[in-house]
1. Which whole number of Å³ per residue matches the convex hull of the alpha-carbon atoms in segment 57-146?
2. Run the numbers on the chain and let me know its relative contact order in percent, using alpha-carbon pairs under 8 Å that are six or more apart.
3. Quick check on the exposure proxy: order Ser157, Ser220 from fewest to most C-beta atoms within 10 angstrom.
4. Over what distance in Å are the Cα centres of segment 196-212 and segment 83-157 separated?
5. So the label point goes 7 Å from the Cα of Ala194 along Cα→C-beta, right? Which residues of segment 205-223 then have their backbone N under 11 Å from it?
6. Which cysteines does the chain leave without a neighbouring Cys Cβ under 4.7 Å?
7. Give a residue-ordered list of calculated ³J(HN,Hα) values for segment 152-163 (Karplus: 6.51 cos²θ - 1.76 cosθ + 1.60, θ = phi - 60°; whole Hz; x for Gly, Pro).
8. Extending each Cα 7 Å along its Cβ direction at Ser249 and Asp84, get the distance between those two points in nm, one decimal.
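FYI, it's all coordinate maths here, none of it is from the lab. Just so it is clear, the structure is predicted and the values come from calculations on it, not from any experiment. Here the Cβ positions follow ideal geometry from the backbone for every residue, glycine too, while neighbour counts run over all protein chains shown.
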Amino acid sequence: MSEQTLTATVDVERFWRDGYLTAPAIFSTGQLEALRAESDRLLHLCTEQAQRYARRIEWEVDHLAEGERAGMERVIRKLEPVSDLSPLFADFARHRGIVEPVSAIFGEPVELFEDKLNLKLPGGSPYPWHQDWVCCWRAHTDQLITCFIYLDDADASNGCLQVIPGSHIGKPRLPFKPGSRFEIDPAYVDTSKAVPVPLRAGEMIFFDAYLLHYSDLNRSRTPRRAIIYTYNPARLGKVNEGRFPADLSL
Ligand SMILES: O=C(O)CCC(=O)C(=O)O
């Protein structure tokens, strides 16, 4: 695909109006299979050597309601970061089909800020309504755009992303639910405006760091894996290099 074709398909105005934008798959079937195999490899590696990779692992049991934990004791919810463990995921973070739309939205070149692999295997936990900058990135710039690339078909049954269009406008810093440092107070979330964004494997959603988003429990028998890359304008530099943990040697 030529550079012109890639950037021409990006509706920048719509992104800034709605706070998100979906995009067609950029990978071949073979590439998508390679990404799923790489996800399986990392999952196996980190499950087998959970102590060593402890700093990268979020466990499902720490995020599921009590009645939903049976059988999920050793299931990984998220691995973060992965680009230093996986040359393949590091390479895809630089893929033109991802970097160019993000650059088109910012209007300038971009640098990778964060990368993670969200597994959401069957029975996988919800992500309550949150804003990424407010919960997680306050120590950094808020000029951040995330690209979520599904490795599996995602719909309401396996917990596709849901968003509230326009909720990023004005960069609101909504208050947390009492007792949480992640979830936004439900009084500030108009769920009647929520829009599920079902996508096929390989398709992508780009979104702003203030956009309210959510995903439900995976109630299906199929995984809903996603590789997630976040970018900042390159002129700010590599602002989050400290995210790579020293793995424990046992
Ligand atoms: O994987 C998901 O469904 C949501 C992920 C998300 O919002 C996050 O990691 O901040």
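1. Details: hull volume 11.5 nm³, N = 90.
Taking only Cα atoms, segment 57-146 has a hull volume of 128 Å³ per residue.
2. 30 percent
3. Taking fewest neighbouring Cβ atoms as first place, the list is Ser157, Ser220.
4. Using only Cα atoms, the two centres lie 9 Å from each other.
5. 213-217
6. Among the cysteines of the chain, those whose Cβ sits 4.7 Å or more from every other are Cys46, Cys147, Cys160.
7. 9, 4, 10, 9, 4, 6, 10, x, 5, 5, 10, 9
8. 1.5 nm
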